[in-house]
Amino acid sequence: VQLVESGGGLVQPGGSLRLSCVASGFTFSNYAMGWYRQAPGEQRELVARITSGGSTNYADSVKGRFTITRDNAENTVYLQMNNLKPEDTAVYYCNAFHYGYEYWGQGTQVTVSS
């Protein structure tokens, strides 16, 4: 099983990034997929989740700015992040969950700074 994130980097406040997570080794379409983040000294928190059926939910802090989507044909989940703020700075992790089976990616750093 592998979850490989990409797309992180340094961006100025107000800018945009798109994170990607490519999955392998399990039946991607059956799994709920999520993006979590962890800032230094903070607990890991849910940013956005998309179910196998396509329903989504978001943390209040990112509603209206972030969008999670999935492409089951490409085994990929995306996180489009717009109007980024310094408080969005964190390591972002991809997560897959299905009936007690849970997998994590290695994380990708997002830094929002001028």
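The values are calculated or read from the model by the stated rules, or taken from the named source; none is laboratory data. In this text, all values refer to a predicted model and were calculated from it rather than measured experimentally. No Cβ is skipped: glycine too gets one built from the backbone with ideal geometry, and neighbour counts run over all protein chains shown. Side chains are part of the model used for accessible areas, which takes the heavy atoms of the whole protein and leaves out ligands, DNA and RNA. Shrake-Rupley method; radii C 1.70, N 1.55, O 1.52, S 1.80 Å.
Summary of computed values
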quantity: Carbon + sulfur, % of accessible area of region 1-110 - ligands and nucleic acids excluded, 1.4 Å; calculated: 45 percent
quantity: Per-residue ³J(HN,Hα) for region 58-67, Karplus 6.51 cos²θ - 1.76 cosθ + 1.60, θ = phi - 60°, Hz, x for Gly and Pro; calculated: 9, 5, 4, 5, 10, 4, x, 10, 10, 9
quantity: Packing-based order for 89-102, 24-37, 63-76, using average beta carbon neighbours within 10 Å, highest first; calculated: 24-37, 89-102, 63-76
quantity: Paired Rg and Dmax values of the chain, which use every Cα atom, in angstrom; calculated: 13.3, 42
quantity: Region 4-82: relative contact order as a whole-number percent, Cα under 8 Å and 6+ apart; calculated: 32 percent
quantity: Accessible surface, per residue, of the chain when the full set of protein chains is kept, probe 1.4 Å, Å²; calculated: 52 Å²
